[in-house]
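One structure below.
The values are calculated or read from the model by the stated rules, or taken from the named source; none is laboratory data. None of the values given here were measured: they were computed from a predicted structure. Heads up, the Cβs are rebuilt from the backbone with ideal geometry, glycines too, and the neighbour counts pull from every protein chain shown. Side chains included, ligands, DNA and RNA excluded: accessible areas come from the protein's heavy atoms. Shrake-Rupley method; radii C 1.70, N 1.55, O 1.52, S 1.80 Å.
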Amino acid sequence: VMDITSAKESEDRTRLIIDTVPAQLWTETPEGVVDFVNRRWVDYTGMTLEQAVGSGWNRMVHPDDIERVLNKWRKLISEGKPREIESRLRRSDGEYRWFLSRVCPLVDRSGHILGWYGCDTDIHDRKEAEETLRRSEGYLAEAQRLSHTGSWASIPVTGEIRYMSEECYRVLDFDPHGGQPRYEMFFQNIHPDDQAKVREAVEAAGRERSEE
């Protein structure tokens, strides 16, 4: 007869930590087959552990993402490398949200993979913000193209050009694939009669900004 109280308490504590961590955790066999998901994963998906193991978890991945996810999973499993992929996962109410899934291998001293440990992190709000920014940039680029208006930004003290819009490259006849033009090159494309007043306006704006 052996007293396993301490071992049992340690196991219960580990289980509590796994289920309490604010992330959806899961494990896989060395072959990449899901064999465990934590409580938060179950709560989010509405699936049971029995439904999730094996290939059951596939049902939570958005239909437009599943083929891409599986192809990358197979490739990285065969390479034995940590994996990272973004996909939309279905919530228990049927709504899909974007998640970043990361998984790393547990390797023994001989380099053999004993299993995989992963987590899903909700990045939906970040993805929506990125999409909103892309749309805004697209609208701005289209407006500049239609009005033949370019925009640019430079460092106040040195005048180094840090950014030029696509339309600005076209207006000033710079190669958009040639990198950012130097400050003096920028002014060479301004009419000689206008260079002095443009330079003074730019430098004055830089001085006023640096004094704030």
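Tabulated data for the structure shown
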| quantity | calculated |
| --- | --- |
| Answer residue from the stretch 102-118, given it is closer than 24 Å to Glu130 by Cβ and in contact (Cβ under 8 Å) with a residue 24 or more places away in the chain and is surrounded by the most Cβ atoms within 10 Å (Cβ to Cβ) among those | Val103 |
| Scope the stretch 48-90; condition at pLDDT below 90 and either hydroxyl-bearing (Ser, Thr, Tyr) or touching a Gly at 6+ places or on another chain (Cβ under 7 Å) (or both); matching residues | Thr48, Ser55, Trp73, Ile77, Ser78 |
| Matching residues in the stretch 78-96 - criterion: being more than 17 Å from Arg126 (Cβ to Cβ) and within 17 Å of the chain's Cα centre (by Cα) | Pro82, Arg83 |
| Residue check for Ile77: touching a Ser or Thr at 6+ places or on another chain (Cβ under 6 Å) and either free of Cβ contacts under 8 Å to residues at least 60 places away in the same chain or surrounded by 13 or more Cβ atoms within 10 Å (Cβ to Cβ) (or both) | no |
| Flag for Glu128 being within 30 Å of Trp41 (Cα to Cα), open to solvent by 30 Å² or more (accessible area, probe 1.4 Å) and at pLDDT 80 or above | yes |
| Sole residue being at pLDDT below 75, open to solvent by less than 50 Å² (accessible area, probe 1.4 Å) and under 30 Å from Glu86 (Cα atoms), chosen from Gly159, Gly138, Gly206 | Gly138 |
| Count of residues meeting criterion [assigned to a strand (DSSP E or B) and open to solvent by 40 Å² or more (accessible area, probe 1.4 Å)] in the stretch 32-61 | 2 |
